[in-house]
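One structure is given below, encoded as structure tokens.
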Amino acid sequence: MQMKKSLIAVALAFGAAGAAHAANDLKIGMVLPMSGPFAGYGQQILNGVHLYMAEHGDKIGDRKVELIVKDDTGVAPELSKRAAQELVVKDKVDILAGFGLTPSAFAVGPLSAQAKIPMVVMNAATSSVTEKSPYIVRTSMTLPQVSAPIATWALKNGIKTVYTVVADYGPGHDAEKQFVKTFTAGGGKIVGEVRTPVKNPDFSPFLQKVKDTKPDAVFLFVPAGEQGVAFLKGYKERGLAKDGIKLISTGDLTDEDVLDAMGEAAVGVVTSFHYSEDHKSPENKAYTQAYYKAYPNKRPNFMSVAGYDGMHLIYAVLKKTGGDATGDKFIAAAKGMKWESPRGPITIDPETRDIDQNIYIRKVEKVGDKLQNVEFDVIRDVKDPGKQK
């Protein structure tokens, strides 16, 4: 307990002294899953960060930008917390960033608040993440933000009964709550709900429950990656599609990182999300071309764009503050900031420090020689409904 108090005391002292180091290197401490089952999250976020720096240089004013990356392995809040403490106390970083999953962001939020250090969340998507510290700003999304639009789409397209299947942690709870709220408010009926383990779930019994219940559709949220591949495989093998049970989801399911592995089974799946590699805009064309050149064996996805936009935010804020990265100055400058991202127009909400952005309804289709999430509808300038009373 005494050691913990000492760490916090040093962190607080560093936060107060931050302005004195304005001419020093700008140190950004990245807490990311770089190993384990969620290593793809960390790599994609870091790819976006590195791409932005390659395009815009490694200096902001007279401050050279230095990245220090710590691996928290995924869903391991104690590791995330320890990594952040080391970054603040030992490495004396100016900014914390990254955070692939919600438990990581939840664990580090209080340290950000105590040390008064900016914390740029580049993925973790539970709505309440930004409430864990007044110095948190997010450049990814929230699950309610992408769940409400697919519920509205379902109601408009003849889906009257839904069985929900979500991962049993913060983002899954958020996705379930918002989908149910929007869907039932519009006259839809939830005929079953199940929460699956975050680690290594066996979807067989859950798929059988859905099949036996015979809803019009199943709404799914699982962490982006291998779980989506496994669920879709089981969905096809158990004949849910043949039985006419539609699959609708947030876009995590058909993330570009795993879309190729899903193969033809993914064709026709409808999702709602804030970014697609296939998004039609000059900014995204430039982004994807630069990404392919830098990482020829990877496809750009929503996490890479959140990393890219996270660095855009940091650079833009520090240009505005004249290089001052202290917590209060940083957050004041970030509030209300807006720019044209590869995903479309985005704004940092001045009240919540969350991101307002377009949400697109997409369908998986074969485009040329690859599967893509093809956008066919858009809901513009969506705020996080999870924070709306």
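The values are calculated or read from the model by the stated rules, or taken from the named source; none is laboratory data. Please read these numbers as outputs of a predicted model, since none were measured by experiment. All Cβ positions, even for glycine, are placed from backbone atoms using ideal geometry, and neighbour counts span all protein chains on display.
Structure values in brief
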{"item": "Filter result for residue 90 (farther than 24 Å from residue 319 by Cβ, surrounded by fewer than 24 Cβ atoms within 10 Å (Cβ to Cβ) and either out of contact with any helix residue (DSSP H, G or I) (no Cβ under 8 Å at 6 or more places or on another chain) or of a type in the set (Ser, Thr, Tyr) (or both))", "result": "yes"}
{"item": "Qualifying residue in the stretch 125-135 (condition: under 25 Å from residue 193 (Cβ atoms), in contact with a strand residue (DSSP E or B) (Cβ under 8 Å, 6 or more places away or on another chain) and buried (at least 20 other Cβ atoms within 10 Å of the Cβ))", "result": "yes"}
{"item": "Only one of 347, 352, 326 that is modelled with pLDDT of 95 or more, surrounded by fewer than 19 Cβ atoms within 10 Å (Cβ to Cβ) and hydroxyl-bearing (Ser, Thr, Tyr)", "result": "347"}
{"item": "Residue check, residue 52 out of contact with any Ser or Thr (no Cβ under 9 Å at 6 or more places or on another chain), within 21 Å of residue 125 (Cα to Cα) and among the hydroxyl-bearing types (Ser, Thr, Tyr)", "result": "no"}
{"item": "Output for the stretch 379-389, where each listed residue is under 30 Å from residue 327 (Cα atoms) and either touching a residue at least 40 places away in the same chain (Cβ under 8 Å) or in a helix (DSSP H, G or I) (or both)", "result": "382, 383, 384, 385, 386, 387"}
{"item": "Residue satisfying all of: in the stretch 304-316; of a type in the set (A, V, I, L, M, F, W, C) and in contact (Cβ under 8 Å) with a residue 40 or more places away in the chain; farthest from residue 88 (Cα to Cα) among these", "result": "305"}
